[in-house]
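**Student:** The structure under discussion is supplied below as structure tokens; questions concerning it will follow.
The values are calculated or read from the model by the stated rules, or taken from the named source; none is laboratory data. This one's a predicted model, so the numbers in the text were calculated from it and none came from an experiment. Heads up, the Cβs are rebuilt from the backbone with ideal geometry, glycines too, and the neighbour counts pull from every protein chain shown.
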Amino acid sequence: MEPIMRVENLSHVYSAGTPFQKGAVRNVSFDIMRGELLGVIGHTGSGKSTLIQHLNGLLKPSEGHIYLAGKDIWENPKEIRNVRFRVGLVFQYPEYQLFEETVRADVAFGPKNMGLSGEELEQRVRHAMEDVGLDASYLDKSPFELSGGEKRRVAIAGVLAMHPEVLILDEPTAGLDPEGRENLLRCLKSYQQKRKSTVLMVSHSMSEIARFSDRILVMKDARVLMCGTPEEVFSRTEELETAGLNTPKAARIALALRKRGVELPESIFTMEALVNALAAKKGGGGVC
């Protein structure tokens, strides 16, 4: 399978040539596969935010290349605006960027800048709202009347309405209550599967990343420490700890139970898997 995006030997230096020079990303290479949800984790300062700002051209590499559908995004700098339509980036707390009088106008802002209008624009707005789990009754409301979770979803819908080939989310559940986090994550996973879209999600929550990612990229000290399936990544506990990261809570519980003599599979990283494994043991007469 061909990757939708490829990062090759990417490096970025802030304040180059000054006493404050700092390498925020160093020689990073990885692929983003078409249709996958790639989770990105790393301790604060590991380079995650700098990395994702390169993927839609907000930052230009000091060295290296970023390819979108096989073409270097900086091959023609005059076309970088089109790259930003194709690679949608949602920052933390995107609801702070809502500014229109109605939800409809806010969600339509991006597609309008792409030159869309009329029925096609209206359909994009409605479909994007469906993708984030909000019905048409919200369209004529003021975004400032909505709850925090609803505002977050409207802001994300504004990016989805542009039909990005790759959707990048920086801590999409930050600041939301548990119900709001769960609802948003389920909407995003449903969007990825239904639209066969490609999603890259940065998160500090190991449990969220374990549950929703197809693959996980781990950053440490501005470099890629590892990349693989949740099972491959979270089985490397000691290496994760060197990066200041823990395994998901379910994995830690499973490990504690194994130390007490409960036989459980090594590949438990979600609460659902843990509950199922314990239920299977109880049903089979095992220790529970």
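**Student:** Under 8 Å between Cβ atoms, at least 6 apart or on separate chains: pull out the pairs that start in the range 188-214 with a residue that is in a helix (DSSP H, G or I) and end on any residue that is buried (at least 21 other Cβ atoms within 10 Å of the Cβ) and among the charged types (D, E, K, R).
**Tutor:** Ser190/Asp131; Tyr191/Asp131; Lys194/Asp131; Arg195/Asp131
**Student:** What is the number of the single condition among (1) within 28 Å of Ala210 (Cβ to Cβ); (2) part of a loop (DSSP other than H, G, I, E, B) that Val28 does not meet?
**Tutor:** Against the list (1) within 28 Å of Ala210 (Cβ to Cβ); (2) part of a loop (DSSP other than H, G, I, E, B), Val28 comes up short only on (2).
**Student:** I'm trying to understand the selection: among the residues of the range 108-133, which are in contact with an Asp or Glu (Cβ under 9 Å, 6 or more places away or on another chain) and either exposed (fewer than 14 other Cβ atoms within 10 Å of the Cβ) or over 19 Å from Leu184 (Cα atoms) (or both)?
**Tutor:** Once the filter is applied, which keeps residues that are in contact with an Asp or Glu (Cβ under 9 Å, 6 or more places away or on another chain) and either exposed (fewer than 14 other Cβ atoms within 10 Å of the Cβ) or over 19 Å from Leu184 (Cα atoms) (or both), the range 108-133 yields Ala108, Phe109, Pro111.
**Student:** For the range 176-187, check the following and say yes or no: at least one residue is surrounded by 14 or more Cβ atoms within 10 Å (Cβ to Cβ), assigned to a loop (DSSP other than H, G, I, E, B) and not aliphatic (A, V, I, L, M).
**Tutor:** Among the residues of the range 176-187, not one is surrounded by 14 or more Cβ atoms within 10 Å (Cβ to Cβ), assigned to a loop (DSSP other than H, G, I, E, B) and not aliphatic (A, V, I, L, M), which makes the answer no.
**Student:** Can you find a residue in the range 16-24 that is within 21 Å of the chain's Cα centre (by Cα) and at pLDDT 95 or above? Steps first, answer last, please.
**Tutor:** Here is the first cut: in the range 16-24, the residues within 21 Å of the chain's Cα centre (by Cα) are 24.
Then keep just the ones that are at pLDDT 95 or above; that gives none.
No, because not a single residue in the range 16-24 is within 21 Å of the chain's Cα centre (by Cα) and at pLDDT 95 or above.
**Student:** When residues of the range 7-23 are filtered for being surrounded by fewer than 21 Cβ atoms within 10 Å (Cβ to Cβ) and either touching a His at 6+ places or on another chain (Cβ under 8 Å) or under 13 Å from Ile168 (Cα atoms) (or both), how many remain?
**Tutor:** Residues that pass the stated criteria total 3.
**Student:** Only one residue in Ala136, Ala105 is surrounded by 14 or more Cβ atoms within 10 Å (Cβ to Cβ) and among the aliphatic types (A, V, I, L, M), so which one is that? Steps first, please.
**Tutor:** Working: Ala136 fails: surrounded by 14 or more Cβ atoms within 10 Å (Cβ to Cβ).
Criteria check complete, one pass: Ala105.
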